[in-house]
2 protein chains.
Amino acid sequence: MFKILPLKGGLENIKGFYFQGVNSGLKPNNEPDLGFIRSDEEVDVEALFTTNRFQAAPIKHFQKYPKGFKTNFLLLNSKNANAMTGEKGIEDIEELFETLKEKFPNIKNPIMSSTGVIGYRLNKEKIKKAFDKFSFQTRDSDSIARAIMTTDSFKKEMALEVRLSNNESFKIAAICKGAGMINPAMATMLCFILTDANIPREDMRELLKKHIETTFNAISVDGDTSTNDTVMLLANKIASYDKEAFSEALRVLMQNLALMIVKDGEGANKVVAFEVKGAKNKKEAKKIAKALSNSLLVKTAIFGEDPNWGRIASTIGASGCECDEEKLRIYYDNLLIYGEEKREMDEETEKKAFEIMKKDSFKIVCDLQIGDGNFTAYGCDLSYEYVKINADYRT
Amino acid sequence: MFKILPLKGGLENIKGFYFQGVNSGLKPNNEPDLGFIRSDEEVDVEALFTTNRFQAAPIKHFQKYPKGFKTNFLLLNSKNANAMTGEKGIEDIEELFETLKEKFPNIKNPIMSSTGVIGYRLNKEKIKKAFDKFSFQTRDSDSIARAIMTTDSFKKEMALEVRLSNNESFKIAAICKGAGMINPAMATMLCFILTDANIPREDMRELLKKHIETTFNAISVDGDTSTNDTVMLLANKIASYDKEAFSEALRVLMQNLALMIVKDGEGANKVVAFEVKGAKNKKEAKKIAKALSNSLLVKTAIFGEDPNWGRIASTIGASGCECDEEKLRIYYDNLLIYGEEKREMDEETEKKAFEIMKKDSFKIVCDLQIGDGNFTAYGCDLSYEYVKINADYRT
């Protein structure tokens, strides 16, 4: 038995870690665009990365360390993804850490994580100069959460305490960013999870992998998968641990952060859960749920608050998965829209459907009644604002 | 040796066929929304249909006829797709043809083709009433081309004459519609091709299949595949024939109509050819080209005239296909944007790239330098207007 309690704030809930965001001159108004997360001791680190074949330089740099390495320093930046920069991109990271060592000598196996525009070398001069602003004993959770934001409209952080039945406890907290280029393999997002739990190394990887599928891999803003996606877990092991409890807390944390990303989807006004049931198998359920959350016609109908279920049916039919128009049922929340005797939308149903679609978040349930494959994907509407943000991104 | 000559107008170039569009009360301003194409004699008909599993009622009705059947009557309507209407949707078509027979007794194996909103039964009363407006000796190419338009902003028709070296000739002409829900398996589109060529039945199917891949299946407006997609070829065989010449004329016709659809993509301002070269094989080249033409981030960058090649690289990397950042080259038209020594965009290249992106149509060439797989897909930008059209479609 265990209890999961929400905590106020973010990373500051985890002892033994230090963090700070500063401005290196890339973001206006002195907004933080560079920062660090460090710990006194070297800590276990496990990460899952993008499936994009063009992995960014910081990911390649991370992977050069031997398996099971420990680190005590994580450098973060926004505005530049350091992707498609080749060997030079990795050398830039190494050069930055050489400079950093002069200011902070006990740095060990440092790692970096970047987000921003693809195809430009890091501005090493600006970054090095900004190192002077680092104050290594600072625990400023707000500034580091803001330092990784790009088109995000709000910072994303969450912290949980887990109390075990023996009165022992541990904590887990995370910051993340992501608002566009959000899809399958983890959404274009960075997520850094800190914990004081005494978690074995093998559980770190196992549980990250277990929960990524239904959380970060189940959300979609625009169907694009980035070069930099990273979910990283750092554990300093100074508190207690229980696998079942940690697993559940990690799931809750990742699920909530994933939904924050969809909610902050570029230009998005609504979060929609696409719940697919009764597909031939789980793989087909996932394929359909992802297809629905990625369909431009479905996304624009949601933006227009138009209960046009035909676009949902058409997307299911186009998915290549097994389906039967006589068996299919479509619900908005609990309202049956299509199926059984209901083939055409009557006025009353349309009115009720319209009320549901006016809400900030609702469910679209598709029951195929063919097998036992279930999967829920999370998506958002497509608005004028999305087009505006992405047509103007670099300017 | 043969010559292909463009002809003015559309279907009126093919003798022996009659066609007309009328208003049944569904479109405003007396715009045609119902029509027919018929011929004096029963003619060979071959069609390719959507891969969407929820095929519309008219497609199921067509498929009830035995293979190799001939027809002399094709009924067309817009505003209602007659899709997801079950057995009732097919019965509605049969009832319409029963009524039509009273007015036009020598109708034989009639077929229907529909486009519009999914999930509503046809308004049989209005359609039957409009049958009174049909004048079966009419050859009004303009009204039938307009009768199948939905969100199309212009009618799409084309006619070609093929002159053979023996001074014989034949003609081929088509109308088509399509402006949204355009993707893979043929785009949401209807296309009706008439010819007087003396083409053998087996060539009709073979050549349609051959050319669909690089024409209608290579275009994308929004990545959605509809329930009603149809490309149909009707041949009355009263003129000459040469397989090689017909094949080339059919390719030219389908290619041009496909590009008209992209040009008329909902809210689209630009037509872009995504030319993928040097992929591992043709399958991977196609997968990458289609991914590029469907990527929201690429489409919005094109709309914003932002030469942000990072989004192109990222989409290639996310496609799951084999690629190598050291080998990849990206060109806008003939301008090298990325590859070889060019890793970062310099000011001069950016300026030139910007000039290219300002054009109404241009090429984005991605040379992977891995194998010999080539494929070109055609897409368009994603604008505010697309969102508006699709958020408001039913209202």
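Suppose each label sits 7 Å from its Cα in the direction of the beta carbon; what would the B:Lys124-A:Asn256 distance come out to in nanometres?
5.7
Can you tell me the relative contact order of the stretch B:93-192? Whole percent, Cα pairs under 8 Å, sequence separation 6 or more.
Contact order relative to length: 19 percent.
Count the DSSP beta bridges whose two residues both fall in the stretch B:2-263, then state the antiparallel fraction as a percent rounded to the nearest 5.
Approximately 75 percent, going by the DSSP bridge assignments.
If you place +1 on the Cβ of every Lys and Arg and -1 on the Cβ of every Asp and Glu, how big does the dipole about the Cα centre of chain B come out, in debye to the nearest 20? Before the final figure, lay out the partial values.
Details: 57 positive and 59 negative charges, 225 e Å.
My answer is approximately 1080 debye.
Using a Förster distance of 51 angstrom, determine the FRET efficiency expected from the C-beta separation of A:Arg205 and B:Gln369, and round it to 0.05.
Details: r = 35 Å, r/R0 = 0.69.
Result of the calculation: an efficiency of 0.90.
Quick one: order B:Met84, B:Met1 from most to least accessible surface, probe 1.4 Å.
From most accessible down to least: B:Met1, B:Met84.
In Å and from the alpha-carbon atoms only, list the Rg and Dmax of the stretch B:23-110.
Values for the stretch B:23-110 (Cα only, Rg and Dmax): 13.7, 40 Å.
Apply the a/c threshold of 1.5 to the C-alpha gyration tensor of the stretch B:57-172 and tell me whether it is rounded, prolate or oblate.
It is prolate, given that a/c is not under 1.5 and a/b is the larger ratio.
For the stretch B:206-216, just list the computed ³J(HN,Hα) in residue order, Karplus coefficients 6.51, -1.76 and 1.60, θ = phi - 60°, integers in Hz, with x standing in for Gly and Pro.
4, 6, 4, 4, 4, 8, 5, 4, 8, 10, 5
Please report the equivalent ellipsoid semi-axes of the stretch A:261-395, computed as sqrt(5 x eigenvalue) of the Cα gyration tensor, largest first, in whole Å. Kindly include the intermediate steps, with their values, before the conclusion.
Values: eigenvalues 129, 66, 27 Å².
Its equivalent ellipsoid spans semi-axes of 25, 18, 12 Å.
Determine how large the accessible area of B:Asp203 is when every protein chain is in place; take a 1.4 Å probe and give Å² rounded to the nearest 10.
Spelled out: B:Asp203, probe radius 1.4 Å, area about 20 Å².
Considering only Cα-Cα distances, which of the following residue pairs are longer than 25 Å: A:Lys133/A:Lys263; A:Lys79/A:Lys299; A:Lys299/B:Lys277; A:Lys70/A:Lys210; B:Lys210/B:Lys290?
In this structure, A:Lys133/A:Lys263; A:Lys79/A:Lys299; A:Lys299/B:Lys277 exceed 25 Å between Cα atoms.
Testing the spin-label approximation: label points 7 Å from Cα along Cα→Cβ at B:Arg139 and A:Glu102. State their distance in nm.
Distance between label points: 8.6 nm.
How high is the relative contact order of the stretch B:271-391, in percent, counting Cα pairs under 8 Å that sit 6 or more residues apart?
49
So what is the calculated 222 nm ellipticity per residue for chain A, using -39500 (n - 2.57) for each DSSP H run with n of 4 or more, over all residues, to the nearest 500 deg cm²/dmol? List each step's numbers first, then the result.
Values: 11 runs with 123 residues, N = 395.
Result for chain A, helices only: -9500 deg cm²/dmol.
Debye calculation, C-alpha points only, no solvent: report log10 I(q)/I(0) for the protein assembly as shown at q = 0.07, 0.08, 0.09, 0.11 Å⁻¹, in the same order as the q values.
Debye intensities relative to I(0), on a log10 scale: -0.56, -0.71, -0.87, -1.17.
What size of dipole, in debye to the nearest 20, comes out for the stretch B:271-391 about its Cα centre when the only charges are +1 on Lys and Arg C-beta atoms and -1 on Asp and Glu C-beta atoms? Intermediate values should be presented prior to the final figure.
Values: 19 positive and 22 negative charges, 137 e Å.
The calculation lands at about 660 debye.
How high is the relative contact order of the stretch B:2-263, in percent, with contacts defined as C-alpha pairs under 8 Å that are six or more residues apart?
Details: 657 pairs, mean separation 66.5, N = 262.
For the stretch B:2-263, the relative contact order is 25 percent.
Compactness ratio of the stretch B:2-263: Cα Rg over 2.2 N^0.38 Å, N = residue count?
Taking N as the residue count of the stretch B:2-263, the ratio is 0.93.
The values are calculated or read from the model by the stated rules, or taken from the named source; none is laboratory data. Everything quoted here is computed from the prediction, not taken from an experiment. Note that each Cβ is placed from the backbone with ideal geometry, even for glycine, and that neighbours are counted across all protein chains shown. Each accessible area value is taken on the protein alone, full model and side chains, heavy atoms only, with ligands, DNA and RNA left out. Shrake-Rupley method; radii C 1.70, N 1.55, O 1.52, S 1.80 Å.
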